[in-house]
Amino acid sequence: MRFLFKTDYEDDIRLFPHSGYVYSYGLLLAVLLIAPYVLSSYLMSQLVFVCIYATVGVGLLILTGFTGQASLGHAAFLAIGAYTAAYLQQFNVPFPVYFLAAGLLTGLVGALVGFPALRLQGIYLVIATISFAFIVEEIMARWESVTHGNEGMRVKTMQLFGTTVSRDGPTFYYLCLAVLVLTIVGTLNLLRSPTGRAFVAIRDSETAARSMGINVALYKVKSFAISAGITGFAGVLFAHKLSFISPEMFTLQLSIEFIIVILIGGTFSLHGAVLGAIFLVMIDPFLTYLKDDMPGVIAGVAATLGAGTERAGHIQDAVAAFASANGLKGAIYGVIIVVFVLFEPLGLYGRWLKIKLFFQLFPLYKRATFKRQKIYVKSERNR
Amino acid sequence: MSYFRAENLSLHFGGLKAVDAVSFAVEKGEILSIIGPNGAGKSSIFNLISRIYPPTSGKIFFEDQDITQQPAYDIARLGIARTFQNIELFENATVLSNLLVGRHRHSNTQLWQELLFLPSVRAGEKAHRRRVEQVIEFLDLEPYRDKLISGLPYGVRKVIELARALCSEPKLILLDEPSSGLNVEETDDMSFWIRDMKSELGITVLMVEHDMTLVNRVSDRVIALNYGRVLAMGSPSEVQHHPDVVAAYLGA
């Protein structure tokens, strides 16, 4: 086990507490940089989605994890970013310009959503953000002069500094990775400065935050704006990756997927956004596999267990019907959320910390180290 | 002109007069205690000063400025810090970041500077940290710096809340029952710190307290309240022997 002897206030400020972090993150970055030359094009495509989802996850973490304001409307922010890009593209606006414009516009919309949200808390805020998402979805479907309604919009291949950036090529992947890394670094910077501490203060006790001189309303709006802005940037990349956008892509289910990203990853650290994104993006091919191959596998097992060919066929049909039922994906997501909230409230990153501690303390790790204890000091909230 | 002044301060919840036309003044550099039975309106006065409730009527002056209409977050910027009776700390943060939140009123960095963590932000962070360390030393909190609040015992939390208030370098500090939930030794420590706050840091103290030993030991003046009204005002012994105060506590 490593002991850190702090000799300077800098030791508490720097992003990497000790050299071990520099090496491990450096190694990770190196692996990510050579990935396009090693991985198959399918996995590369998945990796791009991981980057985009993780960027949204970081944005959502700022709002939900660190400021304590739940949102089920982030699909709408993603949509605003994506549509801004697709719309501006028609006028031959260069990529850097519409990328920034999309982020700023989405941030502005986020701030506007933040204002009515000031008076709402908990479940009411969730309902308000859901209704916002529905409004945006409806606008996208109806405002045909700009969004082409339900026909959707084609997103042209990205032109960056005179070169064509294919959505499947390594350059696009590097771009998504750069956006993710810059978002994470910016967010970490924010979290170690007064604004980030004000966010956490608002999450834990608004009354105390106010009495310490924090303008709670202002910081909530800031949090909404930053969170939405980051999601808007991700929306541009999302639009380019899909090369086609339409209103039915930005539904409530997408917002729920973002919540899953942070809930499963862990809401207390930015690591959670990345781990959650990996989980969510990688579970999709797994579900497809279950849907396509599971009926055959189950029927095969049934046949070997002595069921007749006919009955095995019936079983195969029944399982296939179940596997392709509408809303099964949503149900599976629901089960995953419930299981994680009940058994691993700290998410995948929390589990990783426990595993890490197990090896650090080996063989002295005690099972009860992370046992959740009830604390009977509950403060009276002046809400 | 007094340093801090409340004039005819009232807070009514429907027909209930929690605070009823209370007037008092705090002189610069004194320790003034407010005592009274449960429900006398002591904490309500604090909540009026820190603008958690808007007063029904009356005015509050601080350094000759009318602060009755200031928004809650401005009260701290003017130099009035407070602690809470039931502890309002940021549970899922470390002691250090709790104390750094106390420095909020002194931070002047812009959002874009913080996103890039420019040298100015870094320098600001170090300056805040230096001030926080002074408070940590003052209140003997060294062992707890990196601990999460949610794992700390009540007595320590109480001190951390005081520390957070001190980190904002207040001119006037409002202590809401600083000794509640503390054992005898911790209460002793608290009384030393309160007197040191006055003598070493030059902070004016307004406190609500039930523990008469602590009140007698530290207060310059005492106000007794009951049913939202002022019963008596004066030195600790005067107030304790005032017939109305005796009647309020013991029954007439």
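The values are calculated or read from the model by the stated rules, or taken from the named source; none is laboratory data. Computed from a predicted model, the values in this text were never measured in an experiment. Every residue, glycine among them, receives a Cβ derived from its backbone with ideal geometry; neighbour counts consider all protein chains shown.
Taking first residues from the stretch B:104-131 that are within 21 Å of A:Asp8 (Cβ to Cβ) and partners that are of a type outside the set (Lys, Arg) and surrounded by fewer than 16 Cβ atoms within 10 Å (Cβ to Cβ), the Cβ contacts under 6 Å between residues at least 6 apart in sequence or on separate chains come to B:Glu125/A:Ile13.
Within the stretch B:125-147, does at least one residue satisfy the condition of being modelled with pLDDT under 90, charged (D, E, K, R) and closer than 28 Å to B:Ala72 by Cα? No, there is no match, as no residue in the stretch B:125-147 is modelled with pLDDT under 90, charged (D, E, K, R) and closer than 28 Å to B:Ala72 by Cα.
Among the residues in the stretch B:221-232, are any over 20 Å from the mean Cα position of the chain (by Cα), over 21 Å from B:Asn47 (Cβ atoms) and not basic (Lys, Arg)? Checked against the condition, which is being over 20 Å from the mean Cα position of the chain (by Cα), over 21 Å from B:Asn47 (Cβ atoms) and not basic (Lys, Arg), the stretch B:221-232 yields at least one hit. None of A:Ala141, A:Ala178 is over 21 Å from A:Pro36 (Cβ atoms), of a type in the set (A, V, I, L, M, F, W, C), out of contact with any Ser or Thr (no Cβ under 7 Å at 6 or more places or on another chain) and part of a helix (DSSP H, G or I) except A:Ala141. Go through A:Gly306, A:Gly313, A:Gly300, A:Gly296 for me and flag whichever is in a loop (DSSP other than H, G, I, E, B), farther than 27 Å from A:Ser131 by Cα and over 31 Å from the mean Cα position of the chain (by Cα). One residue alone meets the criteria, A:Gly306. Within the stretch A:41-58, identify whether any single residue is more than 28 Å from A:Val146 (Cα to Cα), touching a Pro at 6+ places or on another chain (Cβ under 7 Å) and part of a helix (DSSP H, G or I), and answer yes or no. Yes, the stretch A:41-58 contains at least one residue that is more than 28 Å from A:Val146 (Cα to Cα), touching a Pro at 6+ places or on another chain (Cβ under 7 Å) and part of a helix (DSSP H, G or I). Selection of the stretch B:50-61 for residues being surrounded by fewer than 22 Cβ atoms within 10 Å (Cβ to Cβ), at pLDDT 90 or above and within 26 Å of B:Met197 (Cα to Cα) yields only B:Phe61.
Restricted to the stretch A:203-218, and to residues there that are surrounded by 24 or more Cβ atoms within 10 Å (Cβ to Cβ) and in a helix (DSSP H, G or I), the residue that is nearest to the chain's Cα centre (by Cα) is A:Ala209.
Checking each residue in the stretch A:288-341 for being under 30 Å from A:Ile262 (Cβ atoms) and among the hydroxyl-bearing types (Ser, Thr, Tyr) picks out A:Thr288, A:Tyr289, A:Ser324, A:Tyr333.
Remark: pairs (first residue in the stretch A:213-227, more than 7 Å from chain B (Cβ to nearest Cβ); second residue of a type in the set (Phe, Trp, Tyr) and surrounded by 24 or more Cβ atoms within 10 Å (Cβ to Cβ); Cβ separation under 7 Å; 6+ apart in sequence or on different chains) = A:Tyr219/A:Phe199; A:Ser223/A:Phe199.
Only helices (runs of 4 or more DSSP H) whose full extent lies in the stretch B:134-252 are considered here, and the ones with at least 3 residues that are crowded, with 21+ Cβ neighbours inside 10 Å are B:154-167, B:184-199, B:212-218.
Taking A:Ala239, is it under 20 Å from A:Ala85 (Cβ atoms), at pLDDT below 95, part of a helix (DSSP H, G or I) and not charged (D, E, K, R)? When the stated conditions are applied, A:Ala239 passes them.
Listed here are the strands (runs of 3 or more DSSP E) enclosed by the stretch B:2-90 that have at least 3 residues being within 10 Å of chain A (Cβ to nearest Cβ): B:80-82.
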